[in-house]
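Worksheet: the structure to be examined is printed underneath.
The values are calculated or read from the model by the stated rules, or taken from the named source; none is laboratory data. All figures in this text were calculated on a predicted structure; none of them were measured in a lab. Backbone-built Cβ (ideal geometry, glycine too); neighbour counts: all protein chains shown. These area figures cover heavy atoms from the full protein model, side chains too; ligands, DNA and RNA do not enter into them. Shrake-Rupley method; radii C 1.70, N 1.55, O 1.52, S 1.80 Å.
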Amino acid sequence: MRRLRFTLAEIRHHPQRLIGVAIAVVLSVAFLTSSMVLVSTEQNSLQSALVAPYARSDVVIQADAGFSDGATDQSAKVAEVVATLRQVRGVAAAEPLWQGYAQASVPNATFSLSSVGTDPRFRWPELAGGNWPREPGEATLSNDTARRLGLAVGDSVTLGDERALTVRITGLVDTRQSLLSGLTNQLFLTPTDLAKHPNLGGSPSYLVAAQPGVDPAALSGQVRTAFQRVSPGDSTVQPTSELAATTLRELTGGFAVFGTLLLGFAVIAMLVTTIIIANTFQIIVAQRQRQIGLLRIVGAGSDRVARDLLTESVVVGVLSSLLGVAAGIGLGAAATAATGSLAWGLHVPVGLLLLAALFGTVITVVGAFGPSRRAMAVSPMAALRPPTGSDGRRTSRARGIAAALLVGVGLAVIVPSMTLVTGTGSLLLAIAGSFLVALGVLLAAGFVIPPTIRLLGGVAARFGAPGKLAVANALRNPSRSTATGVALMLAIGLVVT
């Protein structure tokens with residue numbers, strides 16, 4: 001507790017020393033958090049959009065094949081099925097749901113077709129203007145599609161090539177778009193039109209609403225039996241909640257790629273942040289040499305000095321990570337509002353966000369670990385002398401050999417991917433070779449950055465004493481300059497990627 005009070009007092013009296021660390025952690029954790037919120041919300045919105053036509057039902061029947069009699073007008077058969085389902089005990093309402101796709105000649109576009117339920121409880125879109133279709137030949141259009149295609153209430157759309165159907169738009173509906181589901185042109189027709197034009201809607205699914213207090217899982221068994229009596233064949237009868245879960249599992253693979261890309265960028269940002277934190281704490285140790293020396297003289301051990309710095313990093317890491325999580329949630333909400341997915345609700349993965357906060361704290365401590373160990377090696381008398389800020393460490397020859405090997409092997413892998421190998425194998429080889437080259441370049445930074453600074457020193461010297469001092473200060477501590485250069489290389493590389 002005494003150490004924590006000392007740490008908090010140090011932060012309160014010298015907050016400017018840790019502003020750089022706090023900003024770096026907040027930005028990196030916010031990037032990671034906003035990526036998680038964006039992916040989770042987009043996944044939730046796409047799932048909701050796909051199951052929205054079924055959302056107001058309790059049981060869904062999906063027929064795997066069409067009617068066996070090959071009738072072009074399915075109205076009578078569908079009416080028989082619906083009448084049978086409505087007689088099942090526990091069923092409050094039942095209706096067919098037609099879905100399909102059709103090319104429109106006016107305008108030239110592809111439409112996603114869906115039937116409008118005669119029972120209002122099955123109408124999932126919200127009417128934004130005009131009226132629902134009441135008679136055959138009428139339809140409603142999503143307002144997003146209307147804006148995209150320049151259509152309005154009163155316009156007509158002709159669907160299909162064979163047995164074409166022309167419908168008049170009587171209203172506009174709000175279908176709630178999202179990043180991955182907002183490009184579909186949605187048109188809602190009467191069940192009668194789709195029943196008489198199987199080339200547009202195929203065979204229907206059926207929506208069943210349960211009476212209050214009836215278990216959908218138990219009701220699905222009774223519905224399955226009744227449906228098989230009137231329409232034998234392959235079909236799937238399940239509660240709507242199970243359909244939603246199945247849809248989510250099918251989407252997991254595609255969103256895993258999307259999420260992995262964003263989280264890969266976030267990990268690179270975390271690596272850059274760790275380097276920035278290490279540089280900042282290295283500067284803090286140099287600034288506090290006199291204070292550390294006084295602590296050592298009055299009896300504080302070297303381990304006490306290291307623990308104080310690590311405790312300071314923990315406090316800053318925790319507070320900054322929490323701020324980063326809050327900022328990331330706000331950024332994620334803004335991004336999903338821009339894509340339209342926020343209309344389905346903001347989805348915040350609490351467990352993952354806690355891990356993001358923990359990760360932010362961990363990288364802060366990791367970044368402070370090296371400077372804290374260096375502070376332990378400072379003797380009391382050396383700490384009382386004015387700090388020189390110099391660092392005699394140089395990049396080792398072994399690192400140079402490793403960097404050269406990585407670049408060489410990487411190029412040897414990339415060349416065959418461009419000339420000898422084709423297909424997916426060439427892409428994998430190119431990625432692997434590029435990774436090795438990038439790693440080799442980062443390891444070689446210690447050999448490249450200091451000579452580059454010397455080379456540019458002549459240009460900086462033309463600006464007088466400030467330019468000369470800048471070059472001299474950079475070369476006085478080559479390891480710190482190299483670490484800063486590596487952080488910039490990673491950050492710019494992230495943007496380019």
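Looking only at region 434-480, filter to residues that are in contact (Cβ under 8 Å) with a residue 60 or more places away in the chain and of a type in the set (S, T, N, Q); which one of those is farthest from Leu411 (Cα to Cα)?
Top of the filtered list is Asn473.
Restricting attention to region 23-32, which residues are under 13 Å from Ile363 (Cβ atoms) and open to solvent by 30 Å² or more (accessible area, probe 1.4 Å)?
Correct list: Val26, Leu27, Phe31.
Within region 406-455, how many residues are surrounded by 14 or more Cβ atoms within 10 Å (Cβ to Cβ), among the hydrophobic types (A, V, I, L, M, F, W, C) and within 18 Å of Ser479 (Cα to Cα)?
Residues meeting the conditions: 10.
Within region 450-497, which residues are in a helix (DSSP H, G or I), under 34 Å from the mean Cα position of the chain (by Cα) and among the polar types (S, T, N, Q)?
If the condition is that a residue be in a helix (DSSP H, G or I), under 34 Å from the mean Cα position of the chain (by Cα) and among the polar types (S, T, N, Q), then Ser481, Thr482, Thr484 are the ones that fit.
Looking only at region 320-356, count how many residues are over 14 Å from the mean Cα position of the chain (by Cα) and not in a helix (DSSP H, G or I).
Matching residues across region 320-356 total 2.
Report yes if some residue within region 129-146 is surrounded by fewer than 17 Cβ atoms within 10 Å (Cβ to Cβ), of a type in the set (Ser, Thr, Tyr) and out of contact with any Pro (no Cβ under 7 Å at 6 or more places or on another chain); otherwise report no.
no
When region 175-194 is examined, which residues are found to be modelled with pLDDT of 85 or more and closer than 14 Å to Val116 by Cα?
Gln186, Leu187, Phe188, Leu189, Thr190, Pro191, Thr192, Asp193, Leu194
Could you list, in sequence order, the residues of region 206-231 that are at pLDDT below 90 and within 30 Å of Leu165 (Cα to Cα)?
Val230, Ser231
Which residues, taken from region 197-231, are touching a helix residue (DSSP H, G or I) at 6+ places or on another chain (Cβ under 6 Å), of a type in the set (Gly, Ala, Ser) and within 30 Å of Thr110 (Cβ to Cβ)?
Scanning region 197-231 gives Gly201, Ser231.
If you go through region 120-145, how many residues are closer than 15 Å to Val106 by Cβ, under 37 Å from the mean Cα position of the chain (by Cα) and at pLDDT 90 or above?
2
State all residues of region 147-174 that are open to solvent by less than 10 Å² (accessible area, probe 1.4 Å) and within 31 Å of the chain's Cα centre (by Cα); if no residue qualifies, say none.
Val173
Say whether the condition of being more than 28 Å from Gly367 (Cβ to Cβ) and open to solvent by less than 60 Å² (accessible area, probe 1.4 Å) is met by at least one residue in region 309-329.
No, the conditions are met nowhere in region 309-329.
Hey, Arg89 hits all of (1) modelled with pLDDT of 85 or more; (2) open to solvent by 60 Å² or more (accessible area, probe 1.4 Å); (3) part of a helix (DSSP H, G or I) but one; which does it fall short on?
Unmet condition: (3).
Please give the number of the condition Ser35 fails out of (1) modelled with pLDDT of 80 or more; (2) more than 15 Å from Phe122 (Cα to Cα); (3) small (Gly, Ala, Ser); (4) part of a loop (DSSP other than H, G, I, E, B).
All conditions are met except number (4).
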